[in-house]
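What follows draws every value from the coordinates through simple rules; no lab data is involved. Small disclaimer: the values here were computed from a predicted structure and weren't measured. All Cβ positions, glycine included, derive from the backbone under ideal geometry; neighbour counts span all protein chains shown.
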Amino acid sequence: MKGTIIGRIKKDVLLAMKKEQIKNGIGAVLTCFALLVSLNADLSGISEEAAAGGFLTVLAVQIKKLEYLLPVFDYRNAVLAFLVFVFFFRTDEEWQVYLPRWSYRIPALLSAFFMVFGYSFRYTDSWNLIWMDGFHLLVSAGMMTGFFLLFSRIFSLLIRWVCHISGESEEPFGKLTEWVMERHAFWGPMLVILLFWSPYILAKFPGAAMPETLAEMRQYYWNTINNYYPPLHTVLLSLLMELGNVLWSYTFGFFLNLAVQLALLLSAFSCGFVFMKRWRTPYRLRWLALMIISVVQFFPMEATIVEKDVPYTACVIFLVLQLYEQVRTMRTGGRMTPGQAAGFVLSAMGTACLRNEGFYLTAASGICLSVYAYKMLWKEKRSECVRILAAMLLPIVLFAGYQKVLLPACGVEDNGPKEALSIPFQQTARYVRDYGYEITEEEEAVISRVLDGEHLAELYDPITSDPVKYTYHAENTQDLTDYFVLWFRQLLKHPGNAVQATMNNAYGWFYQEGYAHNYMMDAQIEGHEVRWEIVQPAKLAGVRHVMERVAKLLSRVPIVNWFENAGFVSWMTILLISFWAGAGKKRYILSVVPLILALLVCIAAPTFNYQMRYIMPVMFSVPYYIPMALQSLREDTLEREDRADS
């Protein structure tokens, strides 16, 4: 009897192992298919062969199509396929953590969707590669399945690793780690970052500039400031230029701008390490975060451009870290100190004032955390709840006064709503291009009162709305109202066209392949524009050239270039949110509300092409994702240890 039971157990185990091997084999085959297939191959000539044939001819043509989609043999693809099979057979999707499986499957499904649809938009500026015919739809489904299985395995391994290290005891540390991460948790990481960034700072001295930098200076110089650019940044930028000239030269003033924004950004990064010390984050994760910030070339290359996006990004990082810490302490009834309240107000106001869309991040964060504070504290700790509500909502009130009272009183002109209308304008332009023959003379007149209706089809660029947006000339609210009525009718008539217009303009934020960064190295400020001469030392020209090549070389190094890829950081943000939702830590999603809004702003932005600055707040926050996820899992254990120590 005993032998029979043991035999059955062995048989069940062997059967389970066999099923697992079959599952791994299918996953490896579909993943190889997804990675190797070329969905954009021209199959038009092959399709004609099936026109006059019978069933077998049609079947042979379909097989021939599949043959043309797959690559001929080469060693790279052979090695890739081998590694995929090794990965699937040497790992497993065993799930022994308490999180539900959808916590990694939903992000995996979204990532697979982005890969397949992003591929189609990259090569055809549409989703035609997917919906072209039944054959392409079937191949796309196979690709999406393969990517889903691959990302499911990767994301599940990542979540299991985070859950595993959450149960580890504190690790020993050496003198360097103690000095950098414990005794000098603020200044230590800052010095390490400066050490790695110093070659970039030296090469770009006194700093690089965007075209917008000159435009802001021009507004100040000619006293034509409007809110197309953030007025606060325009004034601060120009006042530092004037101060530098009083002390030495305009070149020195430009360097002062660089020094101030670097000090703000590095302080935001260092603040994260202070919090990690408080969270007792494992040292290897602190060093990992520090190395990402220090080594990934996108961080110093963007931080050394004098532009509004750098101080704005610093304020968003401060805001995210403070929101997380407030959610963490609110759970245990922690009190918001006056210093914490002041820090939140300053971070929120900086976020709102240093980019025009920053107010949405501030408002959404303040309102969401206020609702949570009311729910948690109103009944038992009403005075503390009122204090938190005041800190959360005060920036909204202050910004309203700044925008509606202070700026008009200072003569700052309103630039109009066109910056917020990229999505409908781009949809209208694509509609005119694809369905212009359906537009009546009356409808064309409505469009022409708002945009350049006559040339809209020629102006339409699938990946940027700027050419269309710049033709905006509505003279009154009625013109805009009539336009939106027409836009809504067209949306209902051809919804697929409108969706494609938006996806085409924004897919790069979630799928970024074959993209090479164009780093800014020069000041690009010419004296005849504003009579402010900025000179980059000729002796550093060779250093600039070398560091530009180093940065572009690093941007091609795997793993390093993940953290400058918009698609990767978007996926990691989605995975973090899904992780918290599955782990029963939904309250921590409140801390990344600014980053969620930043991603939504990217979707509504004019373009993703060479404009990574729009997603900088998300990219620069990624090094803190794993420490925040880990702390949320360990909070109960850490609280018990703190009570035991006290």
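Please list, by residue number, every one of the GluC sites (Glu not before Pro) in region 125-204 that is coil in DSSP and has at most 12 other beta-carbon atoms within 10 Å. Here the GluC sites (Glu not before Pro) that fit, given the DSSP loop and packing criteria, are 168, 170. The residue among 273, 306, 260 whose Cα reaches farthest toward the positive pole of the charge dipole of region 220-357, with charges on the beta-carbon of Lys, Arg, Asp and Glu, is 273. Other residues lying with their Cβ under 14 Å from the Cβ of residue 470 contribute a combined charge of -3, Lys and Arg counting +1, Asp and Glu -1.
Diffusion coefficient of region 154-193 by Stokes-Einstein, Kirkwood radius over Cα pairs, 20 °C, 1.002 mPa s: 176 µm²/s.
Please report, to two decimal places, log10 I(q)/I(0) for the chain at q = 0.05, 0.07, 0.10, 0.11 Å⁻¹ as given by the Debye formula with identical point scatterers on the Cα atoms and no solvent. Debye intensities relative to I(0), on a log10 scale: -0.28, -0.55, -1.10, -1.30. Each peptide in 241-251, 139-149 receives the mean, over its residues, of other Cβ atoms within 10 Å, and ordering these scores from highest gives 139-149, 241-251. The residue among 142, 164, 187 whose Cα reaches farthest toward the positive pole of the charge dipole of region 141-189, with charges on the beta-carbon of Lys, Arg, Asp and Glu, is 142.
Computed over neighbours whose Cβ is under 15 Å from that of residue 22, the net charge equals 0, Lys and Arg +1, Asp and Glu -1. Of 510, 445, 474, which is farthest on the positive side of the dipole of region 430-516, counting Cα position, with +1 on Lys and Arg Cβ, -1 on Asp and Glu Cβ, and the Cα centre as origin? Checking the options against the dipole of region 430-516, the answer is 510.
The dipole here belongs to region 83-143: it is taken about the Cα centre, uses +1 on the Cβ of Lys and Arg and -1 on the Cβ of Asp and Glu, and is about 100 debye.
Looking at region 222-307, the trypsin sites (Lys or Arg not before Pro) that sit in a DSSP loop and have at most 16 other Cβ atoms within 10 Å of their own Cβ are 280.
When a/c is below 1.5 the answer is rounded, else prolate if a/b is larger than b/c, else oblate, so apply that to region 224-383 with a ≥ b ≥ c taken from the square roots of the Cα gyration tensor eigenvalues. Oblate, because a/c is 1.5 or more while a/b does not exceed b/c.
Which of 204/308; 23/585; 379/585; 175/586; 204/418 have a Cα-Cα distance over 26 Å? Flagged as over cut-off: 23/585; 175/586; 204/418. Helices in the chain, meaning DSSP H runs of at least 4 residues, each add -39500 (n - 2.57). Divided by all residues, the mean residue ellipticity at 222 nm is -22000 deg cm²/dmol. Each peptide among 595-607, 449-461, 353-365, 477-489 gets the average number of other Cβ atoms lying within 10 Å of its residues, and from highest to lowest they stand as 353-365, 595-607, 449-461, 477-489.
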